[in-house]
Amino acid sequence: MEISEPRQINEFKVIDDQGREYTLAEFQNGTETRSLKWLTAGPGSFELADGTPVDKIDDETFRIATNDTLLHRHTR
Amino acid sequence: MTRSSTGTHDNVASRPIPAFGGSWTLPISGMSDSSGSSPIDLGPKLVPAERALGAIRAGSRVYIGTGCAAPRSLLTRLEAMEPGPADLEFVSFLTTSALPQVGGAPRSRYRHRAFFVGSEVRGLAGNGQLDYVPISLEDIPRLLTSGRLPIDVALLQVSPPDARGFVSLGVSVDLAPAVLSVARTVIAEINPAMPRTHGESFVHLTRFDAVVRVDSPVAEYLHPEIGDVAERVARYIASIIEDGSTLQIGLGRVPNEALRHLRDRCDLGIHSDVITDGLVDLVEAGVVTGRCKTRYRDRIVASYCLGTRRLYDFVDDNPGLQFLPIDQVCHPGEVARQSHMVSITQAFAIDLTGQVCVDQFEGEFYGGVSTQVGFIRGAAHSHGGKPIVCLSSTTDDGASRIKPLLEAGDGVGIARSDVHYVITEYGIAYLFGKSIRERALALIEVAHPRWRESLLTSAKQLGYVRSEQYLASQAAYPVHEERIVTLKKGVKIMIRPARAGDAGALEALFHRLSPDEVYTRFFRCVRSLTYRELQTLCNVNHETEVAFLAVNGPRENEEVVGSACYFLSPTTNLAEVAFIVSPEWQGAGVGTALQARLQEYAMSRGVRGFVADILPRNASMLRLIARAPGIVTTSRDENAVQVTVLFPASTEVQPSMSPAASACSLCGVAA
């Protein structure tokens, strides 16, 4: 196993209080097994599609770091 | 049959043949004096050979009957005539022991125009006496009847006449009907040993200008013994011939050897340009019945035969066989009308794009175009048909017959677009509809292991494959590891080792997965797999990296429905394992079958056990692993469940899985 650069491990939709929808990507350090499974290690980080950093508050709530906009996981 | 003046030369018109005088009689057919049959009066047509041959004028073009039906006696006398007619040109499809021998080598004082360069005429090329005509045999009748190749004299060997005056063309019908329709003069040896074959074999005595009686055995032809390599190729060929198939075998030694490996099949049919002794065994064993043929049901169709007296006795007066003109047998349209038509062509070489060299190799002409193109195209259009090209992977001196490029002096007889199956002693490659990259990879995988790396290097230099392409294994594809598996509802699939060329099929499998299924397999969201990642999952060394695929459907059109792989840790002797099952096949038992096969394979190599990381929500995979034979332990961190399976000592793993039937166990398809 080799420790690699953080990889995007997930992607999901979030909405702000005005109903605007964003795509949030989750990145995490980890190791790739020989069978190509990505075993994560440590906390993840989040970004909008344009690279804007996003902080995680809890599993359902996030905040855009640059303007404090709250984002909520979009559940359909 | 009526004579036609089409295509004859006025300036080389043959002389009339004077009657011998007196009345000669021949017994009917078998000509056995003890048969009790009444003799038929051949009248003035029966003449001594010298008198018959005296009708041949200088400059004539003389057709010689094919193969074992060559009129050997007439040819010997013609070659010996002093002075003989000058500047004759012999035209033949194939001769075997037809020419007089001098010092153990065939010798002729005339020029030969041949449609097939057999061993007998090959030696004439050095003296400038041989003109090879590359042409598909089914086109020759049109060549003759159009007048583009006029025939002045035909020399044939036929059976004795029946009570109505019909002789049989015997073991070689092939081009004779077309020749008889255009030849100005027809002279035949009447040989009591010539079988009377059925089909379009009968010609009335009135068509002959002269007949000569001979009493000699019909020439026999034996295929030389084949070695171990050819034997392995033959076994692969046999492995993809299904019950009910109709076969064209051709003259090659390997295809004929394949017949020996078909004795466990049912209801095979024969629709072939040529038949040989191997057929007799299959008929006597009840394997060849013709019951499933969609044309000439219950009948064996051929145009000529080459073999021993045993074969000739088999075809003699046998209504189960139909000997037909070559253009009727080999026309691609006719071939295509047979269901499950299998044609087998032996090649000299093939390049990495699939161009096949069949009639010229390293500058020398051997064999010919013959019927290969017609049968290959016909079989390709036949329902369930299989056009097969076979060759040994190396020449006798060890050079690879699979080449990056055909070289100057290697003639292309079969276009790359017509090639479907290619079989060597290292397996089966399927090329039809494949890209150049896929073809190159598939062919490299059936090349001799010692040539694979250099072929891959050449393929990269030519731009046929990606620069990052590698071959994890130099060993032969382990075809003996293929298994036919019966799933829960009786559905049969094959579980076979993966190979480098499976990357495309794996990619298709990947894209059938839902995003959640991708996540549970790779533990992250993945939109597409890179080429390197795909290669990781299929281009394995079969030792420390192992991958199996579950495939459904015919070999030439198989669908990958599941994938399993393991990667062995040399320090723990435990293998990390992972699976993918296509969504539409989940719940059918594919995962269980893959797991069992992977475990069977691992245990046979002394692997201690499996380890797997599984997402807690992946219940089906957790159940699958928990059912694995052995001691199962689990632990869990915040992300995944780590499962370890320590194998039991017993090797009994999966009773529902059996090695593919002896034939099928050899069926590896590189695609």
Expressed as a percent, the accessible surface of chain B that is carbon or sulfur, using a 1.4 Å probe and the full set of protein chains, is 50 percent
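Kindly provide the trypsin sites (Lys or Arg not before Pro) of region B:179-286 that DSSP labels as loop, not H, G, I, E or B, and whose Cβ sees at most 12 other Cβ atoms within 10 Å. Before the final figure, lay out the partial values.
Numbers: sites: B:R184, B:R196, B:R207, B:R213, B:R232, B:R235, B:R253, B:R260, B:R263, B:R265; in loops: B:R184, B:R196, B:R260, B:R263, B:R265.
Passing both the DSSP loop test and the Cβ count: B:R263.
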About its Cα centre, region B:152-265 carries a charge dipole, from +1 on Lys and Arg Cβ atoms and -1 on Asp and Glu Cβ atoms, whose size in debye to the nearest 20 is 160 debye
Residue-wise, which Karplus ³J(HN,Hα) couplings in Hz belong to region B:100-114, taking 6.51 cos²θ - 1.76 cosθ + 1.60, θ = phi - 60°, and x for glycine or proline?
x, 9, 10, x, x, 10, x, 9, 9, 9, 10, 7, 10, 10, 10
For the residue pair B:A508 and A:D58, what label-to-label distance in nm results when each label sits 7 Å from Cα along the Cα-to-beta-carbon direction?
4.8 nm
Roughly how far apart, in whole Å, are the Cα centres of region B:37-109 and region B:469-546?
63 Å
Could you go through region B:593-605 in sequence order and give the Karplus-derived ³J(HN,Hα) for each residue, using 6.51 cos²θ - 1.76 cosθ + 1.60 with θ = phi - 60°, rounded to whole Hz, and x for Gly and Pro?
5, 5, 4, 5, 5, 5, 5, 4, 5, 5, 5, 5, 10
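If you filter region B:135-240 for GluC sites (Glu not before Pro), then keep DSSP loop positions with at most 14 other Cβ within 10 Å, what is left?
Qualifying residues, ordered by number: B:E225.
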Please name whichever of B:H381, B:G562, B:A188 sits farthest to the positive end of the charge dipole of chain B, dipole taken about the Cα centre and charges placed at Cβ: Lys and Arg +1, Asp and Glu -1.
B:G562
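Calculate, in nm to one decimal, what B:E50 and B:D313 gain on full extension: separation in residues at 0.36 nm each, minus their alpha carbon distance. Don't skip to the end; give the middle numbers.
Details: separation 263, 0.36 × 263 = 94.68 nm, distance 3.07 nm.
Length gained, B:E50 through B:D313: 91.6 nm.
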Mind checking how much accessible area A and B bury in total, 1.4 Å probe, in Å² rounded to 100?
1600 Å²
Net charge (Lys, Arg +1; Asp, Glu -1) of residues whose beta-carbon lies under 12 Å from that of B:V212, B:V212 excluded, is +1
Output ³J(HN,Hα) for region B:177-186: one whole-Hz value per residue in order, computed from phi by the Karplus curve 6.51 cos²θ - 1.76 cosθ + 1.60 with θ = phi - 60°, and x for Gly and Pro.
x, 5, 5, 5, 7, 10, 5, 6, 10, 10
Using modelled amide H (1.01 Å from N, peptide plane; none on Pro or chain starts), what sits under 5 Å from the amide H of B:F90, excluding residues fewer than 5 places away?
B:V62, B:R111, B:H112, B:R113
In debye to the nearest 20, how big a dipole does the protein assembly as shown give about its Cα centre with +1 on each Lys and Arg Cβ and -1 on each Asp and Glu Cβ?
1240 debye
For chain A, run through the GluC sites (Glu not before Pro) and keep only the ones in DSSP coil with at most 14 other Cβ atoms within 10 Å of their Cβ.
A:E60
Length-normalised contact order of chain B in % [C-alpha pairs under 8 Å, at least 6 apart]
9 percent
For B:V342, residues with placed amide H under 5 Å, excluding near neighbours
B:T246, B:L247, B:Q248, B:K386
Dipole of region B:449-516 (Lys/Arg Cβ +1, Asp/Glu Cβ -1, origin at the Cα centre): which of B:A505, B:W451, B:V485 lies farthest to the positive side?
B:V485
Surrounding net charge for B:I226, when Lys and Arg each add one and Asp and Glu each subtract one, Cβ distance under 9 Å:
-3
With the crude spin-label approximation of a point 7 Å out along Cα→Cβ, what separation in nm comes out for B:R148 versus B:R450?
4.6 nm
State the answer as a single residue: which of B:A86, B:L262, B:L594 lies farthest towards the positive end of the charge dipole of chain B, with beta carbon charges of +1 for Lys and Arg and -1 for Asp and Glu, about the Cα centre.
B:L594
Using a simple spin-label model with points 7 Å from Cα along the Cα→Cβ vector, what separation in nm is obtained for A:D50 and B:S569?
4.6 nm
Summing +1 per Lys or Arg and -1 per Asp or Glu among the other residues with Cβ less than 12 Å from B:F365's Cβ gives -4
At 0.36 nm per residue, and after removing the present C-alpha to C-alpha distance, how many nm does the segment from B:A619 to B:D243 gain when stretched out fully?
131.2 nm
Distance between the C-alpha centers of region B:235-302 and region A:3-74? Whole Å please.
64 Å
To the nearest 20 debye, region B:418-550 has a Cα-centred charge dipole, built from +1 on Lys and Arg Cβ and -1 on Asp and Glu Cβ, of 300 debye
Over region B:59-129, what is the mean sequence separation of C-alpha contacts under 8 Å (at least six apart), divided by residue count, expressed as relative contact order in percent?
32 percent
Alpha-carbon centroid distance for the pair region B:138-196 / region B:548-595, whole angstrom
60 Å
So how tilted is helix B:228-239 from the main axis of chain B? Cα-based, degrees 0 to 90, rounded to 10.
80 degrees
Spelling it out for B:Y221: with amide H atoms placed in the peptide plane at 1.01 Å from N, the residues 5 or more places away or on another chain with amide H under 5 Å from its amide H are B:G307, B:T308
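The values are calculated or read from the model by the stated rules, or taken from the named source; none is laboratory data. In this text, all values refer to a predicted model and were calculated from it rather than measured experimentally. No Cβ is skipped: glycine too gets one built from the backbone with ideal geometry, and neighbour counts run over all protein chains shown. For accessibility, only protein heavy atoms count, side chains too; no ligands or nucleic acids. Shrake-Rupley method; radii C 1.70, N 1.55, O 1.52, S 1.80 Å.
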